[in-house]
Each structure stands twice: as structure tokens, then as C-alpha cells.
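One structure below.
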Amino acid sequence: MRYIIIGCSAAGISAAQEIRKYHTAAEIVIVTEEHYKAYGRPLISYYLKDRVKEEDIYYKDKSFYTDNFIYLLTGKRVVDINLEQKYITLNDDKKIDYDRLLIATGSKPFVPHIENAEGKANIFTFMNMESAKQIKEYAKPEMKAVVIGGGLIGMKAAEGLKKLCSSVTVLELAERILPTILDTKASSLVRKHSENNGIDIITGDTAVQLNGSDKVESLTLKSGKTLPCDILIMAVGVRPNTELAQKAGCLIDKGIVIDHKMQTNIEDIYAAGDCALTPDVVDGKNKVIALWPTAVQQGKIAGGVMAGADTRYEGSFAMNAIDLFGLHMLTAGVIGGEEEGYEVKIIINDKGYRRFSIKDGLLKGFMLVGDIERGGLYTTVIRERLPLSGLDEEIFENPEFISFDRVTKEALFLNSDAIKGDIV
Amino acid sequence: MKKVYAVQNLCLNCKLCEVYCKTAHSQTKNIVKAYKEEVPEPSARIVVEGDNQASLALQCRHCESPACVEACITGAMQKNPKTGLVSTDETRCVACMTCLAACPYGIIRVNERAAMKCDLCQGEEAPACVQNCPNRALVCVDIYEEAER
Ligand SMILES: Cc1cc2nc3c(=O)[nH]c(=O)nc-3n(C[C@H](O)[C@H](O)[C@H](O)COP(=O)(O)OP(=O)(O)OC[C@H]3O[C@@H](n4cnc5c(N)ncnc54)[C@H](O)[C@@H]3O)c2cc1C
């Protein structure tokens, strides 16, 4: 039996690990286009700001691949999947047979069309170690850096760049930064904090034209303003990397469509991670949840199913922890506004900002900015669908009350893994 | 492996376990210095929750299938397949706190250097919290090692 995994990152590694658990003798081949073994992709911003050295970005010990008998092919791109004869073709024309195939090709950057953007030496994306290294090499202290996109990746890029360039400007089309995970208030707090740390932020505006011949020298904005620029990072957003799957005939709806077994519409071809369309268990919608923990979960289930385990994927929900210039944020579930029928609870105190979205007596989403201690308890309330009526009213101020039943004061998770009779 | 269990009705809410945990995880292992002098300030990895009516000390459950390990973006958080101990390699952790968001008990502590969690006081006879609980509300139990797969 030979398993082939395309993509050596969160989903791919987690799948390989799971397959190996069930099948000691099967062949596992991982193919990656990158020239690196699996690394923590989110770490590239920590690499930029010198928090992590290049040799410390790796997700697994060197021995992981040999210990688990994983054949890793780096620097090779899978260009085709032959369904009848069940083999993949690499960019060097080599063909490898598979019995079961996992597509874990992740995300690719979305680059919007901007006038005069072709062939510039100082435009970079921020998606992988290679791009981070290029940026680090190119950036100089006297340079003016511009980041297009004020989402998670754009803001993390800006944070890292601040260590390299004296001037960093973030340009965001929406009216606020981190628009998909933060509401107006939380976003303005994060904005202020980022500005205090030297980042210039322009919202509600975008670049319509780049000026310069072989290098970008300035940006012309929609508002008519001109923004000087020596190095430009495109971080507008990511899209599922579905090209290969589509070519092979997989059903695509934003991401690769999968079933409860993580299988695509084609037999023996599975998909997991950023490239897959995921059922969101909080609002029941199918979406692309491009986050590391989701990719690991999906990879694990896909690997198990591929190896014959009887597991089922019910879906995930977004869960994101971000730190920007030392300010911690935690978000999970949906933002959920009143206009969509959610009850919204907001708590502002000296510790920070909290927002909760409630529907049908259940917590559907939260946002913590500043004080995030014990935040995982809120994730539990969402994940376990704990009825709020059974919990103390004070949980919004103080998450530790989640641990106790409102009436009986019994600890809900007391030694939750223990065989109770054994201890007392 | 060993695991620490809490007995709710014996907990006095005195928080001594927090004090001894913090001291055990300090550089000097000295209570006064741990609280007053050390930079960076050490963190307790156990928390007493609740009030005088009902309280309970909680620390990492070293879960069978740990959500923190799944969530870790660096690979620093790992479960030792032999001992079952869930621990973070503090030199590789970047304190992004995704583990805290994922932990069902929210019991990983924020620290600028690294995520802080219970390590069952490796190398000691029993965890400091258990040794110093005045009412024996914390007990250390040797549970069967998970059958090796
Ligand atoms: C700067 C940045 C910061 C982030 N921060 C966070 C964060 O704080 N928290 C969080 O949860 N998530 C974060 N993310 C998102 C997270 O990194 C992704 O969700 C995660 O990496 C998805 O894993 P994956 O395995 O699905 O795919 P990816 O990590 O995208 O990996 C896919 C791999 O497949 C390879 N590949 C694609 N096509 C082929 C092919 N045809 N042949 C061979 N190889 C191929 C790619 O080169 C790539 O190496 C961040 C992302 C970025 C870029």
C-alpha cells in the first residue's frame, strides 16, 4: 500500500503521522514544492522580526521522517494526477503510483490586479519561508515599506517589517484592520496599539496604480494620494490552492469539496487543510477555514480514514490567537452581529475588551483583546455547546465560572479524565 | 504516568498550591525571591478557581488527545508517547497562545517568553502542589501507562 501526500505542512504531516499509527508497513510519500521540511508557516513573521532563527522554524525533529519511514520529496511540484492508472506526475516528469492520495496543497496568495505591477523587483508576497527570506534580505532600515492588506497576514508582516524598516504603512481597503475577525471597537484598539508601535495605517483606501519602472517607487491610491514605497508586500488575502485538484476533476466550491470522510468526489483522493471546504459547526455554513489547528485536525482525520480507521469529520470552527507587538487577542467562532440575530454582549474594563455573540442560548463566538487568560474555557463552551442557562451569569466577566454548575456548584470538568471512583 | 487529581470538597481555596507551583518553577526556588525579585517573574501553572463556597485547583490534564498539541503552530507542544506528559519546549515556543485558545480548560498561562503549563514537576518525587496542599485536596496517582500502540 502506498500513500502519497501532496503538501508537507500542517495537514500533510498530521495525516502522515496518523497513517503511520495504523499502518507500520505502508509506504508514505510526501511531496512538497518547497525546499524545506515542514515548518510552522505562521513563524515566518517571527523569523522576520528575529524572534525565531531559521534553524528553529521546523515543525518536527529531523529524525521524525526517518523514524516514521516517510519518504520526503522536497522541491518537487505535482503537476498531474492520473486517475485511471493512479499515479502522480512531478514537474521533472517522474511518475509515482499511489493507492491513496491526500491533497494538502494549502493556500496561495490572492494578488489583485493593480496597474503597472508587472516585473517589479521589490514586490513580495508573505506566504512561505522563501518569501520571508527574500524580504529580510531586501529590506533596509532607511526603506519605506508598504503592506497592502490589513488582515492577519498583512498585520503580522507589518509587525515583522518594523524590525527591518523605519517606516511601515499598512493599506486596508475595508474601514478597519483585521475586518474578518474583529469588530469596530476591537479593531480600533489594535490599530491604536499598532500605531503606538510605529505602524502607519490607512483604511478605506487602496492602491490603483504603482509608479516606477523596474521597481515600485510609489503607489497612487484610490483617494488620489501618493504613497512613497521602497518595498511592497502583497498580503490581500489567501485562496485555497485547488488548481491541481480541479485539473484532476475534483469538485471545487471555493475549496475542494469533501465528505465526512475527508474524501473528495474521486475515490481514493482525499483533501485536508486550507485547500478544503470545511463545514463550520458554529453556523452550519461551508467555508474555507484557513487556520493551522483546523489543518492539523483535518489531516489527522484524513490520515486515519485513509488508513482504514472508522472516524468521521463533523467540521471545525475558526479559532485564532494573535499577538501583535505584545498585545494578545483571541477569537473563535463567528463575530455575529445583532443584524444577523445574535445577542451581543460587550465587556470593557481595564483588562481589555471582550465581545460575545449568543444565539439560541448558546455561545457562538467571542473576541478577547488584552486579557486572554483562561480564554480556552470559552472555546469549550462553543465546542461542547454548553447551554448558557446552566452556567453562571458571571462567565462573561470571569471565565473561571465556566468550571462550575450554576446551581449545584459542582465542578463540571473535575478530573475529567479520571475514573472518579479511583481517587477519592 | 503520574497525574494530579483534585478533590473538590477538600479544597480550602487557600491557593498555597499556586504559591508552591510558582516557586517550584522559579530560578531561585525561593518563595520570597520568586514573588519579589525574579525577572522575568515566574508563573504558577496551577490555578485555584471558584470562591470559598466551591473551589478547585486545576492544572494541565495531560489529555489523551491534547487539543493544545494539535493547535501548536511551532511544534513545541508535544505529548511524550511513552510517559504521556504534555509539555512545551520553551525554547521553541513563541508565546502565540494558540494552545491557550484550544485548551478545553484554558489552563495554559500567558507569559511573554513562552506558554507556561504544568510539567508535573519533572525530577521531583511529587509535584510541588501536591506536596504542599495542607488539606490533601490534591492527590498524585500513578495511572496505568497507556498501552503502547
Ligand atoms: C504569515 C502567516 C501567518 C499565519 N498565522 C497564523 C496563525 O497565527 N494562526 C493560525 O492558525 N494560522 C495562521 N496562518 C495560516 C496557517 O499557516 C495555515 O492555515 C496552515 O499553514 C495550513 O496548512 P496546510 O497544511 O493546509 O497548507 P499549507 O501550510 O499552505 O501548505 C501547503 C503546502 O503544499 C505545497 N504545495 C502546493 N501545491 C503543491 C503541488 N502541486 N506539489 C507539491 N507541493 C505543493 C505548498 O508549497 C505548501 O508547502 C498563517 C499564515 C501565514 C502565511
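The values are calculated or read from the model by the stated rules, or taken from the named source; none is laboratory data. Since we're looking at a predicted model, the values are computed, not measured. With ideal geometry, Cβ positions are generated from the backbone for all residues, glycine too; neighbour counts draw on all protein chains shown. Side chains included, ligands, DNA and RNA excluded: accessible areas come from the protein's heavy atoms. Shrake-Rupley method; radii C 1.70, N 1.55, O 1.52, S 1.80 Å.
Among the residues of the range A:297-318 satisfying the criterion of being aliphatic (A, V, I, L, M) and assigned to a loop (DSSP other than H, G, I, E, B), which is nearest to the ligand (Cβ to nearest atom)? Walk me through it before giving the result.
So in the range A:297-318, the residues aliphatic (A, V, I, L, M) come out as A:301-302, A:305-307, A:309, A:318.
Then keep just the ones that are assigned to a loop (DSSP other than H, G, I, E, B); that gives A:307, A:309, A:318.
Numbers: A:Ala307: 18, A:Ala309: 20, A:Ala318: 9 Å.
The selected residue is A:Ala318.
Number of residues in the range B:67-104 that are of a type outside the set (A, V, I, L, M, F, W, C), open to solvent by 20 Å² or more (accessible area, probe 1.4 Å), within 11 Å of chain A (Cβ to nearest Cβ) and away from the ligand (no atom under 13 Å from the Cβ) equals 6. The range A:61-114 holds strands (runs of 3 or more DSSP E) entirely within its bounds, and those carrying 2 or more residues that are β-branched (Val, Ile, Thr) and within 12 Å of the ligand (Cβ to nearest atom) map to A:78-82, A:87-90. Candidates A:Ser45, A:Ser9: the one that is open to solvent by 10 Å² or more (accessible area, probe 1.4 Å), of a type in the set (S, T, N, Q) and out of contact with any Leu (no Cβ under 6 Å at 6 or more places or on another chain) is A:Ser9. Looking only at the range B:24-56, how many residues end up being in contact (Cβ under 8 Å) with a residue 40 or more places away in the chain, more than 10 Å from every other protein chain (Cβ to nearest Cβ) and open to solvent by less than 10 Å² (accessible area, probe 1.4 Å)? Of the residues in the range B:24-56, 1 are in contact (Cβ under 8 Å) with a residue 40 or more places away in the chain, more than 10 Å from every other protein chain (Cβ to nearest Cβ) and open to solvent by less than 10 Å² (accessible area, probe 1.4 Å). Scanning the range A:237-254 for any residue that is closer than 19 Å to A:Val170 by Cβ and assigned to a loop (DSSP other than H, G, I, E, B) turns up at least one such residue.
The one condition from (1) away from chain A (no Cβ under 12 Å); (2) free of Cβ contacts under 8 Å to residues at least 24 places away in the same chain that B:Gln122 does not meet is (2).
Residues that are small (Gly, Ala, Ser) and more than 9 Å from the ligand (Cβ to nearest atom) were ranked within the range A:16-52; the one that is nearest to B:Cys96 (Cα to Cα) is A:Ala16.
Close Cβ contacts (under 8 Å, 6 or more residues apart or on different chains) running from residues in the range A:41-63 that are facing chain B (nearest Cβ under 10 Å) to residues that are surrounded by fewer than 18 Cβ atoms within 10 Å (Cβ to Cβ) and modelled with pLDDT under 95 comprise A:Asp56/B:Thr91.
When every residue of the range A:335-345 is checked against the conditions, at least one turns out to be under 30 Å from A:Gly299 (Cβ atoms) and either at pLDDT 95 or above or open to solvent by less than 20 Å² (accessible area, probe 1.4 Å) (or both).
A quick yes/no check of all residues on (1) surrounded by fewer than 18 Cβ atoms within 10 Å (Cβ to Cβ); (2) in contact with a Gly (Cβ under 7 Å, 6 or more places away or on another chain); (3) assigned by TED's automatic domain parsing to the domain that holds A:Leu43:
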{"site": "A:Tyr87", "(1), (2), (3)": "yes, no, yes"}
{"site": "A:Asn91", "(1), (2), (3)": "yes, no, yes"}
{"site": "A:Lys94", "(1), (2), (3)": "yes, no, yes"}
{"site": "A:Leu101", "(1), (2), (3)": "no, no, yes"}
{"site": "A:His113", "(1), (2), (3)": "yes, no, no"}
{"site": "A:Asn116", "(1), (2), (3)": "yes, no, no"}
{"site": "A:Asn128", "(1), (2), (3)": "no, no, no"}
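On the stretch given as the range A:202-240, residues that are surrounded by fewer than 21 Cβ atoms within 10 Å (Cβ to Cβ) and within 28 Å of A:Glu339 (Cα to Cα) total 8.
When the range A:106-130 is filtered for residues that are at positive phi and either among the hydroxyl-bearing types (Ser, Thr, Tyr) or at pLDDT 95 or above (or both), the ones remaining, listed by number, are A:Gly106, A:Asn116.
Taking the condition within 30 Å of B:Arg109 (Cα to Cα), without any contact (Cβ under 8 Å) to a residue 24 or more places away in the chain and within 14 Å of chain B (Cβ to nearest Cβ), does A:Asp323 pass? Yes. When you look at A:Asp283, is it away from the ligand (no atom under 11 Å from the Cβ) and modelled with pLDDT under 95, yes or no? Yes, satisfied. Here A:Thr294, A:Thr278 are screened, and the one residue that is within 15 Å of the ligand (Cβ to nearest atom), assigned by TED's automatic domain parsing to the domain that holds A:Ser14 and either touching a helix residue (DSSP H, G or I) at 6+ places or on another chain (Cβ under 8 Å) or more than 30 Å from A:Ile358 (Cβ to Cβ) (or both) is A:Thr278.
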